[in-house]
Amino acid sequence: VSFDGKSAELTRNEQCILQILMKNPGTVVPRSEIMCALWESDSFIDDNTLTVNVNRLRKTLSSLGVPDEFLVTRRGLGYSV
């Protein structure tokens, strides 16, 4: 991923999350939809696993200078960009 002349590598999960969110700008993407895209299910994956992946993505984006408010958590709903 690149931003403002800087680039960083994303993990497969980080890339998938960012791709889903970028395809739906301004729309809250439900956690269950992201989990199904990552693991083809949302029933056997610990809910915190997605949170950890999103936090890692945020940290990577932040290191590139992407504003913190770019990736937004909508409590109880999902995520949006």
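Structure notes:
- Conditions (1) surrounded by 13 or more Cβ atoms within 10 Å (Cβ to Cβ); (2) at pLDDT below 90; (3) outside any loop (DSSP other than H, G, I, E, B); (4) not acidic (Asp, Glu): number failed by ILE45: (3)
- Scan the stretch 4-13 for residues that are surrounded by fewer than 16 Cβ atoms within 10 Å (Cβ to Cβ) and hydrophobic (A, V, I, L, M, F, W, C) and the total you get is 1.
- Comparison of GLU33, GLU40, GLU69 shows that the only residue that is open to solvent by 80 Å² or more (accessible area, probe 1.4 Å), touching an Asp or Glu at 6+ places or on another chain (Cβ under 9 Å) and either aliphatic (A, V, I, L, M) or modelled with pLDDT under 95 (or both) is GLU33.
- Taking first residues from the stretch 12-40 that are free of Cβ contacts under 8 Å to residues at least 24 places away in the same chain and partners that are among the β-branched types (Val, Ile, Thr) and not in a strand (DSSP E or B), the Cβ contacts under 7 Å between residues at least 6 apart in sequence or on separate chains come to ILE20/ILE34; MET35/ILE45; ALA37/ILE20; TRP39/ILE45.
- SER63 being touching a residue at least 24 places away in the same chain (Cβ under 8 Å), out of contact with any helix residue (DSSP H, G or I) (no Cβ under 7 Å at 6 or more places or on another chain), small (Gly, Ala, Ser) and open to solvent by 80 Å² or more (accessible area, probe 1.4 Å): no
- The stretch 1-37 - residue that is part of a strand (DSSP E or B) and within 12 Å of the chain's Cα centre (by Cα) and, of those, farthest from GLU69 (Cα to Cα): PRO30
- Just one of the listed residues (VAL54, VAL28) is among the hydrophobic types (A, V, I, L, M, F, W, C) and either exposed (fewer than 15 other Cβ atoms within 10 Å of the Cβ) or farther than 20 Å from LEU10 by Cα (or both), and it is VAL28.
- Just one of (1) modelled with pLDDT of 90 or more; (2) open to solvent by 90 Å² or more (accessible area, probe 1.4 Å) fails for CYS16. It is (2).
The values are calculated or read from the model by the stated rules, or taken from the named source; none is laboratory data. Everything numeric here is computed off the predicted structure, so don't read it as measured data. In this analysis, Cβ positions are derived from the backbone assuming ideal geometry, glycine residues included, and neighbour counts consider all displayed protein chains. Ligands, DNA and RNA are stripped out before the accessible areas are found, and what is left, the full protein with its side chains, is counted by its heavy atoms. Shrake-Rupley method; radii C 1.70, N 1.55, O 1.52, S 1.80 Å.
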